[in-house]
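Taking it in order: structure first as C-alpha cells, then the write-up.
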Amino acid sequence: MPDLFAKYDLGSFCDEMFAGPGKPRAHYARLAERFSRLEGMRELHERQQLADQTFLRRGVTFTVYSDDRGTEKIFPFDLIPRIVPADEWAHLESGLIQRMTALNLFLADIYGPQHILREGIVPREMVETSKHFRREMVGFAMPRGLFVHINGSDLVRDQHGTYRVLEDNLRTPSGVSYVLENRQIMKRVFPNLIRDYRVRPVETYPNDLLALLMHLAPEHVPEPTVVLLTPGVFNSAYFEHSFLARQMGIEIVEGSDLVVEDDRVYMRRTDGLAPVHVIYRRIDDDFLDPTVFREDSLLGVPGLVNAYRKGNVALCNPIGTGVADDKAMYHYVPRMIKFYLGQDAILPNVDTFLSSDPKDMTYILENLPKLVVKSVNEAGGYGMLVGPHSTKEQIEEFRAKIIEHPRNFIAQPTLGISRCPSICGDCLEGRHIDLRPYILNGETIKIMPGGLTRVALRKGSLVVNSSQGGGSKDTWVLAADDGAAEAEPEAPEEIKV
Amino acid sequence: MLSRVANLVYWMARYLERAENTARIIDVNAQLVLDLQSRQAADDPRSWKPLVNVSGGIDEFTELHGDDVSERTVVDFMLFDMRNPSSILSCISLARENARCIRDQLASEVWEQINSFYLKLREDDYTRYAQLGSSDYIARVKTQIQLFYGIAESMLPRNEMWWFFELGRHLERADNTSRIIDVKYFTLLPSLHAVGSALDIVQWAAVLRTCSGFEAFRKSRRGQLNLEHVVDYLVCDENFPRSVLYAVSHAGFALDCITAEAPHLTDNPARRLVAQLHDELAGTVIADVIADGLHEYLDDIQLKLAGIHTAVQETFINYSTDGAKMLN
C-alpha cells in the first residue's frame, strides 16, 4: 500500500496530526493506520465523491453573494477529521464557559449599572461608539437575566499549539447545521473509524437549543410557541435555518408572516392569527423592526421591539449583544473576565492593536505588511486585509481607511495558525484550520462537544470563511477513557455586579 | 399552517402538475404529427404552433423565435427555455425552489427527488430530447414527476399541507385537461370535412392516450371514439382522475379537509365557487356545448378556475389582518 503521508510537509506550523515528520500524534495513530490500508488516493477520492454527491443531493448548500455563476454552492467538505483529545476539550470547555459567563455579565452591566465603564476598565467611548450598542435597551430587565444566549467563538491554535480565541460571534453565529450534516456523512464514509475512536455525539444540539428557547418564554405561558425568523430563502444561511427548524420541529417564519397587534406577536396562518412567544431570530438587530431600527428594512416586523420590551415575546439572541462581539471590544474580554470573575482568562486572546489608540495606531501604520487588519463590524471574512498576502495598492487603500476611521479597525499579528492534513488534488497537504464551538447559555451553559472546523483550502491561505474559498471538516471530540470529561464541567463561581 | 407556507405548497403542486401536462401536450402533438403521415406536414409550422397557442405563451415565443415555428423551436421553448415561465424546466425549477423554502417540513426523500430531478433536467437540452426521441424523453420526464407524487403520497402526513398540495394539483389539472382538449379541437385537422374521418379517430385516440385515458375510456363503455364521447369523458366523467369534473370535485374535497378544523371558515368563497362549477359541469350536455362552441366553453371553465384561485388566495393567504380570527 502506498503511504499517503510519505511526502507530507509539516512546514513551520503546528500540525494537528503529526508531532514530527512521519510521526503521528497519539490520538491520530489509529487514523494513520486506517489510512495506510486504503488503496491510495483513488479510494480516498471515491469516498470524497460519495460525500460530495450526498451533500448536493441533500441540498446542503450555501449562497455566495458576489458570485454570478449561480448562487448555490456546496460548502466544500474535507474527509480528514480534526481530532480533539478529551483533555484538550476539557480545557477548551472550561475556557469557553468562563468567557460566556463574563460576556453575559458584561452585557448585563453595560445595559444596567455600567460599573465597568465607571471604573474605566473599558472606555465608555468604546461602548457608546459601537455600531451595535443599543441605547434603547439600557435599563431593560432581560428575561431570566440572560443577556446573551448563543455564542460561536472562533478559536485557533498558534505555532506552539496554544488555543486562542480569535473572535466571538454573539449575534447570529452560523454553521452548526454543517457540524451535524458533516457527522452524518462521516458516519457513512468511515463508520468503523468513528465507532473505534469513541467520538462524542453532536446530535443533541437541536434538542438543547430548543430547551434553551423554551426556557426564555414569558413565564405566564405554559405551552410557548417558538419560531425561527429567517430573512428568507435567498439568505446565505437559509439551509441552516430550515435545517434547525426541522430538527426542532418549530415553524420557520419570515418577517411578513408575523404581525403585532396590541404589543403581542402573531403569525399569519391559513385559519387566522396565532400567538408567538419566542423568536429565534437569524436576522440582525438593524432589520428586526422598521419602526425602531432601519426604516427601510423589509425583513422585519413593525412593532416587534415594543412587544419585546413589554415582555410578551422573547428574542434569541437578545437585542444589543453585538456590542460585545465588536472586534475592538474583543480586546477587553480578558479584562472583563478579571473584573467580573477575578480570574485570568483560561483561553488567551490573540494580541490585538486598536487603531483608536494613538500608540497602537503608530505601530499599525508602520507594520501593515505584517499584520491582519479587520473591520470591527464586519463578519464572514469581508472587509479584511491579510498584510503578507496583499498588494501594495491594497495595503495603501487600508491605510487610508484606517486613518479616516480609526474606531472601525483593529490589527493582529499574522498568526501561523495550525494546519491539518487535507485532500488537495492528488495528494495530502497541510491546510490552516480554525474551530467554532457553539456555546448555549440557558438554565446552564452547554457546549456541544465539537464544533465547526473550517479549513482554508487554498494553498497558503489563512482565511477559512466559506465566502472566501474555505471548507469544513468533521470535528471529533474523543470520550475520556474514564468517562470523566463527559461529566458536566464545573462552572466558574458567579460574582454579582 | 402558515399562510405563506400553504401558498408555497399550493404553487409547488401547481408547477409540478403544469410541468406534467406540458409534457403530455408535447407528447400528444408529437404523436399527432406522426399520424399526419406526411413528411411535409411534420415540418409544417402549423403542426407545432397550436401548442404554443394553447399553453398561452405565444407572445413570449414570438419575441424569442419570430416566425421560426418548428419542432426544435417549440420543444425547446416548452421544455428547456427558462425565459418561458411555463416551460417544464421553469416549472420544475420553481417547484424545487418552493420545496427548498419548506424543506424543513418535507420528508427528506420528497425534497431529494425534486432536487435530483431538477439537477438532471438542467443539464438536458433539445439535442438530448432528439437523441432519445420524443416519446422516450417525455416518458422519462413524466416518470420523474410521477415518482415525486408517489413518494409524496406515501410520505406526507394527511394534514393541511397535504390538502393544499391536493388543492393546487387538482385546480391546475382541471385547467390543463381543458387545454389538452383544446389542442386537438382547435387546430389539428387539415379541414372541417375531416371531422369523423379515420385520421380524426386516430387523433382522438392520441388525445386520450395523452391523458392516460385510452383504456379507461374503452372500459367506460362510452362507445365510439368521436368528438362528443371523448370530450364528455375528459370533461364530465366522475371516475376518471384526469377529467375536469373529477379534478374540480377533488379540489372541493381538499377545501373541506383544509377547513375541517376551522369552523369559522367552513363557508368560504372558494368553496362556494367550486360547488358552483361542479354543478355546472355535472349538468353539462356535451352535444349542446359542441353546437354552441367547444372552445368558448373550455375558455369559460378556465376563467372560473381562475376565479377559484383568487378566492383561495383571499381566504387563506392574503387575507387582511383587520377582522382576522385571533386564535389561542
Inset, instruction - Mind checking which lysines have their Cα closer than 30 Å to the Cα of B:K120? Skip sequence neighbours fewer than 8 apart in that chain. - result: A:K73, A:K187, A:K473, B:K49, B:K142
Legend entry - Among B:A287, B:A30, B:L227 the positive-end extreme of the charge dipole of chain B (Cβ point charges): B:A30
Inset, instruction - For region A:357-463, report the translational diffusion coefficient in µm²/s to the nearest whole number, using Stokes-Einstein at 4 °C, 1.567 mPa s, and a Kirkwood Rh over Cα pairs. - result: 81
Legend entry - Size of the protein assembly as shown as Cα extents on the principal axes (Å, biggest first): 98, 69, 56
Legend entry - Bins of 5 Å from zero: percent of alpha-carbon pairs in region B:206-328: 2, 10, 18, 19, 16, 12, 9, 7, 4, 3, 1, 0
Inset, instruction - Give the angle, between 0 and 90 degrees and rounded to the nearest 10, that separates the Cα long axis of helix A:40-58 from the longest principal axis of the Cα atoms of chain A. - result: 20
Inset, instruction - Calculate the length of the line joining the C-alpha centroid of region A:1-51 to that of region B:117-151, in whole Å. - result: 43
Inset, instruction - For region A:204-298, compute Rh as the Kirkwood radius over C-alpha pairs and then the Stokes-Einstein diffusion coefficient at 37 °C and 0.692 mPa s; write the answer in µm²/s, rounded to an integer. - result: 233
Inset, instruction - Using label points projected 7 Å from each Cα along Cα→Cβ, tell me how many nm separate B:I58 and B:T143, to one decimal. - result: 3.6
Legend entry - Charge dipole (the protein assembly as shown, unit charges on Cβ, about Cα centre) - positive-most of A:P275, A:Q49, A:V265: A:Q49
Legend entry - Highest-fluctuation residue, B:L227, B:L119, B:L51 considered, GNM on chain B with Cα pairs under 10 Å: B:L119
Legend entry - Residue order, fewest to most surrounding Cβ atoms within 10 angstrom, among B:R173, B:R221: B:R221, B:R173
Inset, instruction - Can you figure out the FRET efficiency of A:R335 with B:A260, using R₀ = 56 Å and their beta-carbon distance, to the nearest 0.05? - result: 0.35
Inset, instruction - Take the Cα of B:E215, step 7 Å along the line toward its Cβ, and report every residue of region B:222-254 whose backbone nitrogen sits under 19 Å from that point. - result: B:222-223, B:225, B:234, B:239-243
Inset, instruction - Please report the orientation-averaged projected area of region B:1-155, defined via the convex hull of its C-alpha atoms, in nm². - result: 9.5
Legend entry - Computed [θ] at 222 nm, deg cm²/dmol, chain A (DSSP H ≥ 4; -39,500 (n - 2.57); rounded to nearest 500): -8500 deg cm²/dmol
Inset, instruction - Pop the C-beta distance of A:T391 and B:Q131 into the FRET formula with R0 = 35 Å and round what comes out to the nearest 0.05. - result: 0.10
Legend entry - Residues whose placed amide H lies under 5 Å from that of A:E167, excluding near-sequence neighbours: A:D154
Legend entry - Size-normalised alpha-carbon gyration radius of chain B, reference 2.2 N^0.38 Å: 1.01
Inset, instruction - Name the most mobile residue of B:S86, B:S70, B:S243, meaning the one with the largest mean-square fluctuation, in a Gaussian network model of chain B with Cα contacts below 10 Å. - result: B:S70
Inset, instruction - Take every DSSP beta bridge whose two residues both sit in the protein assembly as shown, then give the antiparallel share in percent to the nearest 5. - result: 75
Inset, instruction - Subtract the Cα-Cα distance of B:L303 and B:D67 from 0.36 nm times their separation in residues, and report this length gain in nm to one decimal. - result: 82.0 nm
Legend entry - Estimated distance in nm for a label pair at A:R144 and A:D481, the labels positioned 7 Å out from Cα along Cα-to-Cβ: 3.8
Inset, instruction - Return the lysines within reach of A:K392: Cα separation strictly under 24 angstrom, same-chain partners fewer than 8 residues apart disregarded; answer none if there are no such residues. - result: A:K359, A:K370, A:K374, A:K401, A:K459
Legend entry - Dipole magnitude (debye, nearest 20) for chain A, charges at Cβ of Lys, Arg, Asp, Glu: 760
Legend entry - GNM flexibility winner over chain B from B:A251, B:A107, B:A270 (Cα, springs under 10 Å): B:A107
Legend entry - Residues B:M82, A:M41, sorted so that the one with the fewest Cβ neighbours within 10 Å comes first: B:M82, A:M41
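Placing unit charges on C-beta atoms (Lys and Arg positive, Asp and Glu negative, everything else neutral), compute the dipole magnitude of region B:1-155 about its Cα centre in debye, rounded to 20.
So the dipole magnitude of region B:1-155 works out to roughly 380 debye.
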Legend entry - Residue-averaged 222 nm ellipticity for chain B, from DSSP H runs of 4+ at -39500 (n - 2.57), nearest 500: -23000 deg cm²/dmol
Inset, instruction - Just grab the label-to-label distance for A:A211 and A:R124, each label 7 Å out from Cα along the Cβ direction, in nm (one decimal). - result: 4.2
Legend entry - region B:264-307 versus region B:102-116: alpha-carbon centroid distance in Å: 34
Inset, instruction - Please list, or write none, the lysines whose alpha carbon is within less than 18 Å of the alpha carbon of A:K338, excluding same-chain residues fewer than 8 places away. - result: A:K496
Legend entry - Under-5 Å amide H pairs with A:S390, H placed in peptide plane, nonlocal only: none
Inset, instruction - Using θ = phi - 60° and the Karplus relation 6.51 cos²θ - 1.76 cosθ + 1.60, list the HN-Hα couplings for region A:25-38 in order, rounded to whole Hz, with x at every Gly or Pro. - result: 5, 3, 6, 9, 4, 5, 5, 4, 5, 4, 5, 5, 8, 6
Inset, instruction - Answer rounded, prolate or oblate for region B:86-236, using the Cα gyration tensor with square roots of eigenvalues a ≥ b ≥ c: rounded when a/c is under 1.5, else prolate when a/b is larger than b/c, else oblate. - result: prolate
Inset, instruction - Determine, from the Cβ-Cβ distance of A:A6 and A:E46 and an R0 of 25 Å, the FRET efficiency 1/(1 + (r/R0)^6), rounded to the nearest 0.05. - result: 0.75
Inset, instruction - Post the alpha-carbon centroid distance, region A:335-355 to region A:416-436, in whole angstrom. - result: 29
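Each reported figure results from applying straightforward, stated rules to the coordinates on display, with no laboratory input. Here the structure is a predicted model, which is why all the values come from computation and not from measurement. Neighbour counts run over all protein chains shown; Cβ positions are idealised from the backbone, glycine included.
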